[in-house]
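Enquirer: Let me begin by handing over the structure; questions about it come next.
The values are calculated or read from the model by the stated rules, or taken from the named source; none is laboratory data. All figures in this text were calculated on a predicted structure; none of them were measured in a lab. Don't worry about glycine lacking a Cβ; one is built from the backbone with ideal geometry, like all the others, and counts go over all protein chains shown. What goes into the accessible areas is simple: the full protein's heavy atoms, side chains included, and nothing from ligands, DNA or RNA. Shrake-Rupley method; radii C 1.70, N 1.55, O 1.52, S 1.80 Å.
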Amino acid sequence: MVALFQSDLNYSKVCTQFMTIINMFTRISIIGFLLISATVNATTNVSVTVDRNPVMVNESFVLEVVANDSLDGNDLDLTPLRQSGLVVGRTATSSSTQIINGSISKTTSWNVVLLARKEGNYTIPSLTIDGVSSQPITVSVVQSNAAAGQNNQTIFLKNIIEQTDLYLQQTVKLVTRLYFAPNVDLQSGTLSDPILDQAFIKQHGKDKDSSEIIMGVRYRVIERIYTVTPQSSGTFTISSPAFNGEISTGRRRSTFSNFGGTKPVTSIGSDIEINVSSIPKQYSGTWLPSDLVMLNEEWQPNQDSYEVGEPITRTFTLTALNVNEEQLPEVIGNYPDSFKTYPDQSESHSEVRQNAIVSQRVSTEAIVATKAGEFVLPEVSVNWFNTKTKREEVATIPAKTMNIVPSTNAQAAPMTNLQTPIIESTAIGEQTCDLPSDSTHSDNDSSNLPTGSYNTLLMWAGWALWIFTSLIWLLSSLLRRKQNKQSQSPNSKVTYDKSVLKQACLNNQANMVRAELLKWAKVEFTQPVLTLSALMPLVNPELQQQISILQNSQYSKHNTEWSGKAFWNAFKMFNSTTKKQSDSNLPPLNG
């Protein structure tokens, strides 16, 4: 029995050793087979084809590059293709492996979207992958007419600009429309913005989806509106927006089956050339080019006369067509010495109305008269340049006569003796404590009241009411200013790097210096600084002179030499002086 068990055990060991040998042989065979397959399937052929030839100007077509091996997507170098004069769009890569009757075949495909901006014959050069090169092919590009373009192109893009002859900092509207034929099943896509280095370009509103019938065919239309504001004079070209996306092919087995039923598409509109004129030499004042400018005012309360110490709100509304809201200047009233003024934070906005860009700046200020009488407020004016008539004009609010009467809330103390506005709480306390007793008795004698104590009580009640009203006005004003600051806080997070400004100065990069200087101003000063003209009154004469030279070098008809090094020295001098002054006003640190 023991012998039989020993015999079975030996047989099991032999079987285990035999299976181990079989497994090792199988693994070696698979590795050898894979090595042989890799050697056999090395890249031996690279072919290139296009999905159509000839093609029309601004019509996208697809170049397919196929290699008979499994390769990485980065193995295809498109540098020679980008030098062919064609616009190179999106590139998609796919690979496949097939085993037929024990034979393994591998392929890698690249689908590249191409587009020609001009007619002519274009050569797609030889492309090299894994040491194997393709044969060059020629693509013929023909000019499209309106009918052919609308009937043959499933996706096309149009750009429409209001005008091409502009003045410096004049805003113009650019409308981009993207057309899709009915048979286009859009899967995804992106539309880039137009490009112009020497300009501010901003999208207005959301994309508008509509339809348009062209040659009896209803196209889906996506419309996007931009505003373009050139910042330098001369002749420039606005590069058209470009659409890149994927559309469904409607079938799996096709040339584009590797995309899972989709193919990439690209569409680009025509570029636009604009001519920008500089500021006319005879123009004076802050530069404001516009088709129309209006300046209005509103008074709250609106009445024939006002009392001494009565808070009055005056609101200026400056409206301009085809101007960026940042270009609208601050409007401030002029007042006699017997008026105290408290300007509030101005607000600006812009929107597109009836095919025009309407921008507004609303400036509000509180004024308080400290003396009774009749006063004339000078006119308020804003210079602007009419881009239609090409003449300088002035938007004006005429002078206003104000009748100020003594306050009815303070019979005992005439308001003409006040030296500070009523909204200051410390002044209110001083006025209530300095009431002269002699004048109180004289008022009681002149009035036929039954007792002096009753008259005194009435006087104090009037003063209390006046103080209470002033405090309420003060608190509401402070609350409104706090809310304005809170609402503006997200927009005031401006990052400023002094080293960037310094490097731009040393490299004489005027545009970069201008942008960084405005960032510095937003961080340095509490009041809003949107332009260099608004910054000049806040700095010393040396920096003012350098800012003026900087502006003349960019906007003047005559070439003005500008030195970034001199600008940086003036900036450092002002910055160090400001820092010393602020340091001297700092409270002592706690030890």
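Enquirer: Inside the stretch 284-307, can you point out the residues that are surrounded by 14 or more Cβ atoms within 10 Å (Cβ to Cβ), at pLDDT 90 or above and over 20 Å from I357 (Cβ atoms)?
Expert: E297, W299, Y306, E307
Enquirer: Which of the residues belonging to the stretch 73-106 are charged (D, E, K, R) and surrounded by 13 or more Cβ atoms within 10 Å (Cβ to Cβ)?
Expert: Within the stretch 73-106, D75, R90, K106 qualify.
Enquirer: Which of the residues spanning the stretch 187-198 are over 25 Å from H349 (Cα atoms) and open to solvent by less than 60 Å² (accessible area, probe 1.4 Å)?
Expert: Listed by number, the residues that qualify are S188, G189, L191.
Enquirer: In this structure, does V2 turn out to be farther than 21 Å from P136 by Cα, surrounded by 10 or more Cβ atoms within 10 Å (Cβ to Cβ) and at pLDDT below 85?
Expert: no
Enquirer: Right, another one. Could you give me the residue pairs with C-beta distances under 6 Å whose first residue belongs to the stretch 192-217 and is of a type in the set (V, I, T), whose second residue is at pLDDT below 90 and surrounded by 14 or more Cβ atoms within 10 Å (Cβ to Cβ) wherever it lies, and which are 6+ apart or on separate chains?
Expert: So the pair list comes out as I214/Q150.
Enquirer: Further, regarding this structure: Select from the stretch 308-357 the residues that are farther than 17 Å from L377 by Cα, of a type in the set (V, I, T), open to solvent by less than 50 Å² (accessible area, probe 1.4 Å) and touching a residue at least 60 places away in the same chain (Cβ under 8 Å) and list them in ascending order.
Expert: Once the filter is applied, which keeps residues that are farther than 17 Å from L377 by Cα, of a type in the set (V, I, T), open to solvent by less than 50 Å² (accessible area, probe 1.4 Å) and touching a residue at least 60 places away in the same chain (Cβ under 8 Å), the stretch 308-357 yields V323, I357.
Enquirer: Specify the residue that is surrounded by the fewest Cβ atoms within 10 Å (Cβ to Cβ); the eligible residues are those in the stretch 543-568 that are modelled with pLDDT of 85 or more and among the polar types (S, T, N, Q).
Expert: Checking each candidate, the answer is S563.
Enquirer: Given the structure, is L127 more than 27 Å from Q187 (Cβ to Cβ), open to solvent by less than 50 Å² (accessible area, probe 1.4 Å) and in contact with a Ser or Thr (Cβ under 8 Å, 6 or more places away or on another chain)?
Expert: yes
Enquirer: Restricting the stretch 327-379 to residues that are of a type in the set (D, E) and in contact with a strand residue (DSSP E or B) (Cβ under 8 Å, 6 or more places away or on another chain), which is nearest to V175 (Cα to Cα)?
Expert: Only one residue tops the list, namely E351.
Enquirer: In the stretch 358-407, what residues are of a type in the set (K, R), assigned to a strand (DSSP E or B) and touching a residue at least 12 places away in the same chain (Cβ under 8 Å)?
Expert: Those that are of a type in the set (K, R), assigned to a strand (DSSP E or B) and touching a residue at least 12 places away in the same chain (Cβ under 8 Å): R361, K400.
Enquirer: Right, here's the next one. Can you pull out the residues in the stretch 111-137 that are small (G, A, S) and in a strand (DSSP E or B)?
Expert: Those that are small (G, A, S) and in a strand (DSSP E or B): G120, S133.
Enquirer: So, one more: Take the stretch 343-362 and flag every residue that is of a type in the set (D, E, K, R) and over 20 Å from the mean Cα position of the chain (by Cα).
Expert: Correct list: D344 only.
Enquirer: Still on this structure: If I ask for residues that are more than 45 Å from the chain's Cα centre (by Cα) and in contact (Cβ under 8 Å) with a residue 24 or more places away in the chain, which ones from the stretch 97-114 would you list?
Expert: Result: T97, I104, S105, K106, T107.
Enquirer: Which residue pairs have Cβ atoms under 9 Å apart, sit 6 or more places apart or on different chains, and have a first residue in the stretch 546-566 that is of a type in the set (D, E) and a second that is at pLDDT 65 or above?
Expert: E561/I549; E561/S553
Enquirer: Give me the residue from the stretch 286-336 that is assigned to a strand (DSSP E or B), β-branched (V, I, T) and over 27 Å from the mean Cα position of the chain (by Cα) and, out of that set, farthest from A369 (Cα to Cα).
Expert: It comes out as T315.
Enquirer: A follow-up question, please. If you take the residues in the stretch 48-63 that are open to solvent by 30 Å² or more (accessible area, probe 1.4 Å) and not in a loop (DSSP other than H, G, I, E, B), which one is nearest to N244 (Cα to Cα)?
Expert: My answer is V50.
Enquirer: Sort through I225, I247, I214 and tell me the only one that's within 24 Å of V358 (Cβ to Cβ) and among the hydrophobic types (A, V, I, L, M, F, W, C).
Expert: I225
Enquirer: Would you confirm whether any residue within the stretch 159-172 is assigned to a strand (DSSP E or B), surrounded by 15 or more Cβ atoms within 10 Å (Cβ to Cβ) and modelled with pLDDT under 90?
Expert: No, the stretch 159-172 contains no residue that is assigned to a strand (DSSP E or B), surrounded by 15 or more Cβ atoms within 10 Å (Cβ to Cβ) and modelled with pLDDT under 90.
Enquirer: Within the group I247, I201, which residue is in a strand (DSSP E or B), of a type outside the set (S, T, N, Q), surrounded by 13 or more Cβ atoms within 10 Å (Cβ to Cβ) and at pLDDT 85 or above?
Expert: That would be I201, the only listed residue that is in a strand (DSSP E or B), of a type outside the set (S, T, N, Q), surrounded by 13 or more Cβ atoms within 10 Å (Cβ to Cβ) and at pLDDT 85 or above.
Enquirer: When V184 is evaluated against the numbered criteria (1) open to solvent by less than 40 Å² (accessible area, probe 1.4 Å); (2) part of a loop (DSSP other than H, G, I, E, B); (3) modelled with pLDDT of 90 or more, which criterion, by number, is the only one it fails?
Expert: Single failed check for V184: (3).
Enquirer: Please indicate, with yes or no, whether at least one residue in the stretch 523-539 is in contact (Cβ under 8 Å) with a residue 12 or more places away in the chain, within 23 Å of Y167 (Cβ to Cβ) and not in a helix (DSSP H, G or I).
Expert: For the stretch 523-539, residues in contact (Cβ under 8 Å) with a residue 12 or more places away in the chain, within 23 Å of Y167 (Cβ to Cβ) and not in a helix (DSSP H, G or I): present.
Enquirer: Still on this structure, I have one more. So V142 fits all but one of (1) more than 26 Å from the chain's Cα centre (by Cα); (2) at pLDDT 90 or above; what number is the exception?
Expert: (2)
Enquirer: In addition: So E365 passes all but one of these: (1) within 38 Å of the chain's Cα centre (by Cα); (2) modelled with pLDDT of 85 or more; (3) open to solvent by 50 Å² or more (accessible area, probe 1.4 Å). Which condition number does it fail?
Expert: (3)
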